[in-house]
Structure formats: structure tokens, C-alpha cells
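Rule-based calculations on the coordinates, nothing more; no lab input. Bear in mind the structure is a predicted one, so any value in this text is a computation, not a measurement. Note that we place each Cβ from the backbone using ideal geometry, even for glycine, and neighbour counts take in every protein chain shown.
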Amino acid sequence: MKKILVTSLMVISILSADSNITIIEKASNIVDDIGEKSSNIIESIKDTTTKLLDDNKTIEIDAMSLYNKCKGCHGSDGKIKALNKSPIIASQNVDDIISKLKAYKLGELNNYGMGRLMTTQTEDLTIAQIEALAKYISKL
Ligand code: HEC
């Protein structure tokens with residue numbers, strides 16, 4: 001990249017009959033400038049990535065504390081059959097968990113005769129909380 005830039009600027013200098021040294025200096029400055037700008041861009045990408053990773057952690061912490069009230073029945077690892085009725089929820093597909101929790105929230109799901117109980121567990125959750133919880137449970 002640097003070679004191409006320097007070469008092309010040298011060609012321009014010859015064509016314009018300007019002093020080669022001045023043009024090469026200019027080329028060199030331009031290349032340095034590009035280098036500095038690229039490293040600024042790289043720094044800002046790094047910052048953004050770190051911030052996104054932090055945000056992700058925050059979602060996980062929220063979900064973890066939201067899951068506290070589910071532990072009693074489903075187990076801290078999600079591997080207990082709640083009240084001997086519910087299937088194991090750990091590692092279920094995220095979208096499946098989301099649609100079940102949304103349906104419980106609306107009082108529209110009752111697979112094992114205990115849907116009402118799950119409605120009271122989910123009616124106060126926001127959709128964003130349901131999504132965070134589902135993501136968390138799917139990774140248990
Ligand atoms: C008091 C016990 C209890 C608590 C607390 C509880 N659950 Fe449940 N959960 C159940 C029962 C029982 C079922 C089966 C309901 C039915 O009949 O459809 C169930 C069903 C589910 C299902 C569907 C499983 C499947 O594959 O059909 C999910 C997902 C779930 N619960 C997640 C949660 C989450 C998330 C929380 C916490 C916000 C929670 N539960 C709190 C007892 C509980």
C-alpha cells in the first residue's frame with residue numbers, strides 16, 4: 001500500500017516536473033497521516049467492541065438475577081422437572097423458550113395443567129426480559 005502510494009506520487013512529481021524530494025516528502029507525510037488515521041480507527045473499533053461485550057455481560061447479569069425466582073422449581077442449572085410436570089428447560093432452543101414464555105404471559109399456554117402458575121411467573125416480565133431470560137436458559 002505504502003509502496004503504491006509513494007510510487008504513484010513519484011510519477012506525479014515527474015509529470016509535474018516538481019522537485020522529486022519535496023513530492024517524496026509529501027508522499028511520506030500523507031502515508032504517515034494515513035497510518036495515524038488507521039490506528040485511530042482501529043482504536044475506536046476496539047472501544048466499540050469492548051463496550052458491546054460489556055453490554056452483553058450486563059444482559060447476562062440481569063437474566064441471571066431474573067432467573068433467581070425460577071430456580072426453586074426449575075433448578076439453578078435448569079435441569080429439574082419443575083413440580084415434576086415441566087420438561088427440563090436447560091438447553092432448549094431460544095426461540096422455543098421465548099414463544100412459551102410469551103404464551104404463558106398471555107395465559108395462552110397450559111401443557112401440563114400448571115399453565116396458570118407459569119402465568120403468574122411471567123405476567124410482569126417485559127418482552128426484553130423474556131428474551132434475555134430465554135437466552136440465559138438456552139445456555140444452561
Ligand atoms: C413454582 C414453580 C415454578 C416456578 C417458580 C417457575 N416455573 Fe416454569 N414451569 C413450572 C411448571 C409446573 C411448568 C409446566 C406448566 C404447564 O403446565 O404448561 C413450567 C413450565 C415452564 C416452561 C416451559 C417448559 C416446556 O418445555 O414446556 C418454561 C420455559 C419455564 N417454565 C420457565 C420458567 C421461568 C423462566 C421461570 C422464572 C421466571 C419459571 N419457569 C418459574 C414451574 C415453575
Student exercise, the chain dipole from Lys, Arg, Asp, Glu Cβ charges, in Debye to nearest 20: 860
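Subtracting the Cα-Cα distance from 0.36 nm times the residue separation, let me have the gained length for SER39 to SER99 in nm, one decimal.
Values: separation 60, 0.36 × 60 = 21.60 nm, distance 4.45 nm.
Taking SER39 through SER99 to full extension adds about 17.2 nm, to one decimal.
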Neighbour-count order for MET118, MET64, fewest beta carbons within 10 angstrom listed first: MET64, MET118
Label-point separation in nm, LYS2 to ASN29, each point 7 Å along Cα→Cβ: 1.8
0 to 90° range, to nearest 10: angle between helix 2-16 axis and the chain longest Cα axis: 40
Inter-label distance for LYS139 and ASN84, nm, one decimal - labels placed 7 Å from Cα along Cα-to-Cβ: 3.4
Acute angle (nearest 10 degrees) that the helix 20-74 long axis makes with the longest principal axis of the chain, alpha-carbon atoms: 0
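So if we plug the beta-carbon distance of ASP77 and GLU108 into 1/(1 + (r/R0)^6) with R0 = 35 Å, what FRET efficiency do we get, rounded to 0.05? Write out the running numbers ahead of the final one.
On the way: r = 28 Å, r/R0 = 0.80.
The pair ASP77/GLU108 has a calculated efficiency of 0.80.
Over the chain, what is the relative contact order in whole percent, taking alpha-carbon pairs under 8 Å and six or more residues apart? It would help to have the intermediate numbers written out before the result.
Working: 113 pairs, mean separation 27.4, N = 140.
Relative CO of the chain lands at 20 percent.
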Gyration tensor verdict on the range 71-110 (Cα atoms; rounded if a/c is under 1.5, prolate if a/b is larger than b/c, oblate otherwise): oblate
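Could you pull out the pairs from LYS46/LYS139; LYS79/LYS100; LYS2/LYS46; LYS69/LYS135 whose alpha carbons sit more than 19 Å apart here? Please list the in-between numbers first.
Details: LYS46/LYS139 26 Å; LYS79/LYS100 17 Å; LYS2/LYS46 24 Å; LYS69/LYS135 16 Å.
From the list (LYS46/LYS139; LYS79/LYS100; LYS2/LYS46; LYS69/LYS135), the Cα-Cα distance tops 19 Å for LYS46/LYS139; LYS2/LYS46.
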Residue of LYS46, LYS102, LYS26 that the Gaussian network model of the chain assigns the largest fluctuation, springs spanning Cα pairs under 10 Å: LYS26
Per-residue Cβ neighbour rank within 10 angstrom, fewest leading, TYR112, TYR104: TYR112, TYR104
Spread of Cα-to-Cα distances over 10 Å intervals beginning at zero, given as percent, for the chain: 11, 28, 15, 9, 8, 10, 11, 7, 2
